[in-house]
Amino acid sequence: MQVSTFKQTKANTYFAFATTQLISLIEQLSVLKNADNRSFIQLWNQENALGLPNGNGEVIGTYPDYTIVIRWGSGETCETLQRQLVLS
Amino acid sequence: MRDITKTVGFVLIELMIALALGLIIISGLLGVYVAAYQIDQEEMMLNNNQADADLAITLLQLAVHKADVVCAKDDHTLTVRYTQNGLVMQETYFLSKNSLFEDNENNKQQEKVRNISAMNFLFTIKDNSNYFSDVSADAVKDWSHVLGVRIQVIVGSKPYVKTWYSYAALP
């Protein structure tokens, strides 16, 4: 039971990290607007890889409509966080 | 006639076997206890680190979100200037003795978050060719041109250290 609680705590930490990353990218995209964002997304993905197990992210769409996806874990523990975003 | 060879109680070999079995059971239980204690400690550290990271990042983001302008003397300190009731206010965030401190307008230093081992900032600027980049504090020529702040917070102490990343855009 203790091991399963510990796994849940770790899962919660990863979810909190992914949420912070999602908000971080939304803030960055709101600054960049329609400028070239490739280097920012690349750095953001490096952070995803460092902070999450098998972490990677994807930004689909163009300014101002984006869908941001973050995936981490593997097999049964694979998690996804997704958010649609329309910048004004 | 009474059998005088009949023994009452335990012989030495029986006692030794019982003792050995007892030791095996105790060492097993001790191992389980130590493992459970270690898991408990690690879980507590993870929870504390997450809470401290959340608090530090939220505090810094809120500070940047209300700022008219940000500035910094180095990459580990952040100063925000904002207007409140017609007055220009200033807050500086810095690290001292593994704690995040806020130095406000009255030069009153308040410890805000503990358990922070490092804090780094980069500043987003736009050059003349509409290219955005993150630069360190010493490369910023005009602080009014800073559009956002990249925040890196390292929380916890060894072996439970985790780096958290965030970004806050100026309004």
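Values in this text are rule-based calculations from the coordinates and carry no lab data. Note that the structure is a prediction, hence the values are computed from the model and not measured. Backbone-built Cβ (ideal geometry, glycine too); neighbour counts: all protein chains shown.
Here are some notes:
- Both radii are taken from the alpha-carbon atoms of chain A; with Rh as the Kirkwood radius, Rg/Rh is 1.04.
- Hull volume in cubic angstrom per residue (convex hull over the Cα atoms of the range B:39-148): 122
- Cα-centred dipole magnitude for the protein assembly as shown, charges only on beta-carbon of K, R (+1) and D, E (-1), debye, nearest 20: 340
- Exposure rule at most 13 other beta-carbon atoms within 10 Å, DSSP loop trypsin sites (Lys or Arg not before Pro): chain B longest free segment: B:7-72
- Cα-based convex hull volume of the protein assembly as shown per residue, rounded to whole Å³: 202
- Relative contact order of chain B, defined on C-alpha pairs under 8 angstrom at six or more residues apart (%): 19
- DSSP-loop GluC sites (Glu not before Pro) across the range B:99-137, with at most 13 other Cβ within 10 angstrom: B:GLU105
- Virtual spin-label span in nm between A:GLN8 and B:ALA139, 7 Å along Cα→Cβ: 4.6
- In the protein assembly as shown, helical runs assigned H by DSSP with n ≥ 4 each contribute -39500 (n - 2.57); averaged across all residues and rounded to the nearest 500, the mean residue ellipticity at 222 nm is -14000 deg cm²/dmol.
- If you take the Cα centroid of the range B:84-114 and the Cα centroid of the range A:1-25, the two points sit 30 Å apart.
- Dipole of chain B computed with +1 at Lys/Arg Cβ and -1 at Asp/Glu Cβ about the Cα centre; of B:ALA35, B:LEU23, B:VAL135, farthest Cα towards the positive end is B:LEU23.
- Cα-based Lys proximity count in the protein assembly as shown, under 23 Å, for pairs eight or more positions apart or on separate chains: 23
- Separation in nanometres of the label points that stand 7 Å from Cα toward Cβ, at B:SER96 and B:LEU29: 5.1
- For chain B, modelled as a GNM whose springs connect Cα atoms under 10 angstrom apart, the maximal fluctuation among B:MET44, B:MET89, B:MET16 occurs at B:MET16.
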